[in-house]
Amino acid sequence: MKKLMVWGYSAQSLDELAKRKVPKVSLGEVGISEEFNPKKTHPDFDFPWSWFVKGQEIPPMPEKVYVCLKKARSVTFDFLPYNDFFIMSARFLEFIKKYGFDHDFGMSKAIIVNTKGELLTNEVYYLVRIVSWEIEDEIVYPDLGRDEKGFSLEAYTNSDKDILLSSKYKYMEAFMVSENLKEKILEMFSLPFLYTLKEWKEQNDYEIIGFDKL
């Protein structure tokens, strides 16, 4: 079995993300729309294709969307979770597909602009939809059932894939990657946020990091 790591943004990484000028979705710095409107750059994320429930037909995504970033001068991320979606570069998408990402839940080309509608990058980006209940259960979490907060200290897979999605809540906004791929990721991407599962728990457990005292 291959041991897995987490590739994603932890609660404790917020300061580092701020230094790199990565927009904060939770603070409303990212807006998505089907047509850019300078008077309403960050509308409610409420489209027929953005809400879907198990057992019902999922509407197709539009050919393109506009992703508006507040206070941004450039695009400083390869991927960014946004609700049940990821905003990701074509380069990142090509990389994860090469190493096992084979999901096709729908995606749109993402035109990334500032609040004036000015293009922030010539690099191709996509808005990629994730349907959690369609994710095949390929990951083993040995101690998940013993942790009431939903964390595991280790994760493994028998899959031949090196990059997988998790349907478990604590890992749904990240990618699960084989430890064997760590050096390749470090080579291809600038300072990626890679964690062992033990580190991921420490970085996201609010009691450990003191959020319960705020």
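Any read-out appearing in this document is the output of simple, stated calculations on the displayed coordinates, not a laboratory observation. What you are looking at is a predicted structure, and each value in this text was computed from that prediction instead of being measured. Cβ atoms come from the backbone with ideal geometry, glycine included; neighbour counts cover every protein chain shown.
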Residue-wise HN-Hα coupling along region 161-172, computed from phi with Karplus coefficients 6.51, -1.76, 1.60 (Hz; x: Gly, Pro):
7, 9, 9, 9, 9, 10, 8, 7, 3, 5, 10, 6
Filter K21/K182; K21/K116; K2/K109; K24/K64; K2/K54 down to the pairs with a C-alpha to C-alpha distance above 27 Å, please.
K2/K109; K2/K54
Can you tell me which of 191-198, 2-9 comes out highest on packing, and rank the rest after it, using the mean Cβ neighbours within 10 Å?
2-9, 191-198
Partner aspartates and glutamates for K3 [C-alpha distance under 15 Å; skip if fewer than 8 residues away on the same chain]:
E138, D143, E154, D160, D162, E179, E183, E199
Dividing the mean separation of Cα pairs under 8 Å (6+ apart) by the residue count of the chain yields a relative contact order in percent of 27
Output ordering of 153-161, 81-89 (per-residue mean of other Cβ within 10 Å, highest first) is 81-89, 153-161
